[in-house]
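Student: Please read through the structure below; I'll follow up with questions.
The values are calculated or read from the model by the stated rules, or taken from the named source; none is laboratory data. Values in this document were obtained by computation on a predicted structure and should not be read as measured data. When we count neighbours, we look across all protein chains shown, and the Cβ atoms used for this are built from the backbone with ideal geometry, even at glycine. Keep in mind that these areas ignore ligands, DNA and RNA; they rest on the heavy atoms of the full protein, side chains included. Shrake-Rupley method; radii C 1.70, N 1.55, O 1.52, S 1.80 Å.
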Amino acid sequence: MKFPSIGTLFPFFFLPSAQAITWTAAPFNPPSIPLAVRTPYLSAWLPQGPGAALNDVWPTFWTGSILGWAGFVKVDGKAYSFLGAPNVPSATFTKAVQKSFQFTSTQSIFVLSAGPVDLTVTFLSPVEATDLVKQSIPFAYLAVSAASMDGAAHSVQVYSDISAEWVSGNNALIANWSTTTGSILTHQVQLQTQSVFSELNDHIQHGSAFYSTSNIPGVTYQTGGDIAVRAQFINNGRLPNTRDTNFRAIQDNWPVFAFAHDLDMVTGATTPVVVSVGHVRDPAIRYVVAGGGTQSRSVYFWSQFSTPAALISSFLSDFDNSLARAKAFDNKVNLDSSKISIDYAAIVALSLRQALATIEITITKNNDGTWNTGDVLVFMKEISSNGNMNTVDVIFPAWPGLLYTNPLLGKYLLEALFRYQATGLYPNKWSIHDLGASYPQALGHNDGNDEAMPVEESGNMLIMALSYAQRTGDTSHIIQYNKLLDQWTQFLITDSLIPANQLSTDDFAGHLANQTNLAIKGIIGIKAMSQIAQILGDPAKGANYSSIAADYVTRWQKLAASSTGQHLTLSYGDSSSWGLVYNLYAEKLLNFSIFPSSIYTMQTAWYKTVAQPFGIPLDTRHTYTKTDWEIYTAAIVTDNAARDLFIGSVKKYASSGVSSQPFGDWYETTDGRAQGFRARPVAGGHLGKVSWAIRCLSFLITSVDELSDSLLGSVNLQSMLLKPLEVLTLPL
Ligand SMILES: *[C@@H]1O[C@H](CO)[C@@H](O)[C@H](O)[C@H]1NC(C)=O
Ligand SMILES: *[C@@H]1O[C@H](CO)[C@@H](O)[C@H](O)[C@H]1NC(C)=O
Ligand SMILES: *[C@@H]1O[C@H](CO)[C@@H](O)[C@H](O)[C@H]1NC(C)=O
Ligand SMILES: *[C@@H]1O[C@H](CO)[C@@H](O)[C@H](O)[C@H]1NC(C)=O
């Protein structure tokens, strides 16, 4: 199949976007707005489609199921809703009017007018990757401030609540709850029947949700049925400090957990009312160990806090500093990414939170009961394509984001994979695909029946292991797991030049033999092992593998070329086929130059001729594409016009108003529709590695990373074996 060459005739920026929004949106109105997005289980979004104000719809979990989160404000006795879509038949209120919306890498900020007062509603989900305690805290902030717009003083009270929908994937289940008072007010809610390490509709069925605020003058609370509690505030502007102890199903007269803050008379802008929302469980992860048993692992923050109450107290009192750090981080990310383009900066800002919210940082206990912070493993949930853990070909496209924020997170993700495979429990000679079919159980695949992507995953592990060592100077992995790395290299030497019929990471496209792009992955993997051998002091082995890789490149060029001479094929011998050759990105990442530059220039010219209205198709089998692979390709094309074609396409898709799902990486280039994700059955292997969060994000940051120092700072940079590449600014 061949597509019409419309790219240059039909510029990607030509169509107006389909937004029907009545507020100003900066940098644009995304498919879904991150509200509280920090872990696979703390993931609250505001679905947009063509546009929805903060008080038009309910926030949802990433799956699309509602998370009750309501907000009202009273101004001079008149009530307005500002958050969620509550229905309170027994009380009178109107909707505040959304004036603006803005997102950064960590914040989503709304301004709504409620009569003479403007409310600024800030949702902050910190990204603090270099601080393992802070990054691991499964909490986010909601901050609401009010300002008089007419110079007069106005009486203002602010209300918000969450429902018990935050603790289960089944609203028929029974929840219980409690409220603690003291210097902090905390509502805690959980399922009455707990189920450790167990998910239902992607919600964890274990642990508790917490909704908290500082117990300052003017704060009141209430728990009870949604209509009664909300009517109480709407009618009275305050809550009676009462508790509903009639524990019942989540959907039975919907219990809600509410706070009201009396701001008294407001003239200028107030300091914000700050509320935290979070979800805590312990233990968090079950992980297979040598001998075939399992261990229970806990989230890293426990090393610092012995109770959720201590954690919440610290988190709430840290708000001002946390916001200051977030702003500095946002500015740094924006500065780095804006060097590429404004569109690129917008994509990156939308991607970062969601990427980091797919991981959890874990530790174990020593025999004496103290925390062992020397035993850190990070786990990643594939999310939406399925619930696989630490999927190697999902970590690979996430890799640039990890390098940019903290390469150690990448090391700890790989460590979980290396450690398991070093036990010998995994029987295959190639790298495993994932650590377990279903988060949060990392049980490995002792039967070897994981979703086989032998060349893909073996190449990925070698590339990422070397990349980490290059970036950090830390050679501990390549030393400790040298045997595994060499084993995977032997497999690549046998199977990567002529890849057997197998899946690549794009498994939703099916099996294919002789995949051109997959062979590149394998060959770069072999070259990576040659570099690893060099670093480890075995130059003979290094030279041998290097010459094998060079020989394979020569032979690959003949096998992979189209007879037209215009492009590489999708698979050997199929001259009319082509695809995004995104695996060449790994060559640039590792600073190799084994593939001739003529390949890059040829592909760059070709992509421009096959663009569809919303992007460049992944390959000739379909018209869909992947945002991560588009950005990987954007990072290696040889001119800025091609680079901006890819970036502009992703931005156009993300801002088109077509989707209402959290930023999805798999979409249709003809009309910008998001593909798959929520609508597909869980664990559909053919859906593949299409994790919106990880993928989109990863790629983008990649390019950012190329342009800036790591956030780790100059100290760590000095110890790097290789300096960061500047792919996008260097001519190839
Ligand atoms: C709620 O249920 C949990 C789990 O069964 C139990 O541990 C807890 O004591 C209960 N809390 C209340 C307030 O009843
Ligand atoms: C793969 O390519 C090789 C080399 O051209 C060829 O010999 C082999 O038949 C191809 N395999 C398939 C399944 O097409
Ligand atoms: C190079 O490596 C290959 C694959 O491991 C091996 O078969 C071959 O003997 C090696 N050659 C030399 C000269 O060491
Ligand atoms: C990349 O490799 C080349 C040699 O091929 C070397 O001259 C250059 O310094 C390397 N770049 C970095 C950033 O390490």
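Student: Condition (residue is more than 16 Å from ligand 1 (Cβ to nearest atom) and over 30 Å from Asn334 (Cβ atoms)) applied to the stretch 397-415: is it met by at least one residue?
Tutor: For the stretch 397-415, residues more than 16 Å from ligand 1 (Cβ to nearest atom) and over 30 Å from Asn334 (Cβ atoms): present.
Student: Out of Ser100, Ser65, report the one residue that is at pLDDT 95 or above and over 18 Å from Ala36 (Cβ atoms).
Tutor: Criteria check complete, one pass: Ser100.
Student: Further question: Condition (residue is within 16 Å of ligand 2 (Cβ to nearest atom), in contact (Cβ under 8 Å) with a residue 24 or more places away in the chain and either more than 21 Å from Gln470 (Cβ to Cβ) or in contact with a Lys or Arg (Cβ under 7 Å, 6 or more places away or on another chain) (or both)) applied to the stretch 541-553: is it met by at least one residue?
Tutor: Yes, the stretch 541-553 contains at least one residue that is within 16 Å of ligand 2 (Cβ to nearest atom), in contact (Cβ under 8 Å) with a residue 24 or more places away in the chain and either more than 21 Å from Gln470 (Cβ to Cβ) or in contact with a Lys or Arg (Cβ under 7 Å, 6 or more places away or on another chain) (or both).
Student: Hey, does the stretch 602-611 have a residue that's of a type outside the set (A, V, I, L, M, F, W, C) and within 16 Å of ligand 2 (Cβ to nearest atom)?
Tutor: No, the stretch 602-611 contains no residue that is of a type outside the set (A, V, I, L, M, F, W, C) and within 16 Å of ligand 2 (Cβ to nearest atom).
Student: A follow-up question, please. For the stretch 433-441, state whether one or more residues are over 17 Å from Phe197 (Cβ atoms) and modelled with pLDDT of 95 or more.
Tutor: Checked the stretch 433-441: at least one residue is over 17 Å from Phe197 (Cβ atoms) and modelled with pLDDT of 95 or more.
Student: In the stretch 482-504, which residues are over 30 Å from Gly537 (Cβ atoms) and either in contact with a strand residue (DSSP E or B) (Cβ under 9 Å, 6 or more places away or on another chain) or within 16 Å of ligand 1 (Cβ to nearest atom) (or both)?
Tutor: Result: Pro499, Asn501, Gln502, Leu503, Ser504.
Student: Considering only residues of the stretch 494-509 that are open to solvent by 20 Å² or more (accessible area, probe 1.4 Å) and in contact with a helix residue (DSSP H, G or I) (Cβ under 7 Å, 6 or more places away or on another chain), which is farthest from ligand 3 (Cβ to nearest atom)?
Tutor: Phe508
Student: Give me the pairs: first residue in the stretch 581-592 and assigned by the TED database to the domain that holds Asp506, second residue away from ligand 4 (no atom under 16 Å from the Cβ) and open to solvent by 10 Å² or more (accessible area, probe 1.4 Å), beta-carbon distance under 7 Å, and six or more apart or on different chains, which are they?
Tutor: So the pair list comes out as Val581/Asn517; Tyr582/Asn517; Asn583/Asn517.
Student: Of all residues in the stretch 186-215, which are open to solvent by 40 Å² or more (accessible area, probe 1.4 Å) and without any contact (Cβ under 8 Å) to a residue 40 or more places away in the chain?
Tutor: Thr193, Gln194, Ser195, Leu200, Asn215
Student: Also: With Ala269, Ala324, Ala309 as the choices, which residue is open to solvent by 40 Å² or more (accessible area, probe 1.4 Å), in a loop (DSSP other than H, G, I, E, B) and of a type in the set (A, V, I, L, M, F, W, C)?
Tutor: The conditions single out Ala269.
Student: Next up: So in the stretch 495-510, with the set limited to residues that are polar (S, T, N, Q) and under 22 Å from Lys558 (Cβ atoms), which one is farthest from ligand 2 (Cβ to nearest atom)?
Tutor: Here the answer is Ser504.
Student: Return the residue satisfying two criteria in turn: it lies in the stretch 564-606 and is within 17 Å of Leu497 (Cβ to Cβ) and among the small types (Gly, Ala, Ser), and of such residues it is nearest to the chain's Cα centre (by Cα).
Tutor: Step by step, filter the stretch 564-606, then rank; the result is Ala586.
Student: Moving on to the next point. Let me spell it out: the conditions are (1) at positive phi; (2) open to solvent by less than 10 Å² (accessible area, probe 1.4 Å), and Gly579 meets all of them except one. Which number is the exception?
Tutor: Answer for Gly579: the failing condition is (1).
The rows are residues; the columns are (1) closer than 18 Å to Glu382 by Cα; (2) of a type outside the set (A, V, I, L, M); (3) without any contact (Cβ under 8 Å) to a residue 12 or more places away in the chain.
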residue	(1), (2), (3)
Tyr420	no, yes, no
Leu443	yes, no, no
Thr472	no, yes, no
Thr475	no, yes, no
Thr489	no, yes, no
Leu492	no, no, no
Leu497	no, no, no
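Student: Looking at Tyr607, Tyr585, Tyr600, which is the one that is within 16 Å of ligand 4 (Cβ to nearest atom) and at pLDDT 95 or above?
Tutor: Tyr600
Student: When Val378 is evaluated against the numbered criteria (1) more than 25 Å from Ser195 (Cβ to Cβ); (2) not in a helix (DSSP H, G or I), which criterion, by number, is the only one it fails?
Tutor: Answer for Val378: the failing condition is (1).
Student: Hand me the list of helices (runs of 4 or more DSSP H) wholly inside the stretch 512-608 holding 3 or more residues that are polar (S, T, N, Q) and farther than 22 Å from Asp639 by Cα.
Tutor: Because the criterion is at least 3 residues that are polar (S, T, N, Q) and farther than 22 Å from Asp639 by Cα, the helices (runs of 4 or more DSSP H) in the stretch 512-608 that meet it are 516-535, 539-560.
Student: Another one. Within the stretch 104-123, which residues are within 27 Å of Val167 (Cα to Cα) and crowded, with 19+ Cβ neighbours inside 10 Å?
Tutor: Ser105, Thr106, Gln107, Ser108, Phe110, Val121, Thr122, Phe123
Student: Another question, then. Can you tell me which residue within the stretch 149-198, out of those that are within 26 Å of the chain's Cα centre (by Cα) and of a type in the set (Phe, Trp, Tyr), is nearest to ligand 2 (Cβ to nearest atom)?
Tutor: Restricting to residues being within 26 Å of the chain's Cα centre (by Cα) and of a type in the set (Phe, Trp, Tyr), the top hit is Phe197.
Student: If we keep just the residues of the stretch 62-94 that are within 17 Å of Gln48 (Cβ to Cβ) and among the β-branched types (Val, Ile, Thr), which is least open to solvent (accessible area, probe 1.4 Å)?
Tutor: Residue satisfying both the conditions and the ranking: Thr63.
Student: Right, something else. In a loop (DSSP other than H, G, I, E, B) and within 23 Å of Ile479 (Cα to Cα) - does that describe any residue in the stretch 344-366?
Tutor: No, because not a single residue in the stretch 344-366 is in a loop (DSSP other than H, G, I, E, B) and within 23 Å of Ile479 (Cα to Cα).
Student: Then there's this: Is there any pair linking a residue in the stretch 526-539 that is of a type in the set (Gly, Ala, Ser) to one that is open to solvent by less than 10 Å² (accessible area, probe 1.4 Å) and modelled with pLDDT of 95 or more, with Cβ under 7 Å and at least six apart or on different chains, and which?
Tutor: Taking only residues 6 or more apart or on different chains, the pairs are Ala528/Leu462; Ala528/Ile463; Ala528/Leu466; Ser530/Gly542; Ser530/Ala549; Ala533/Gly542.
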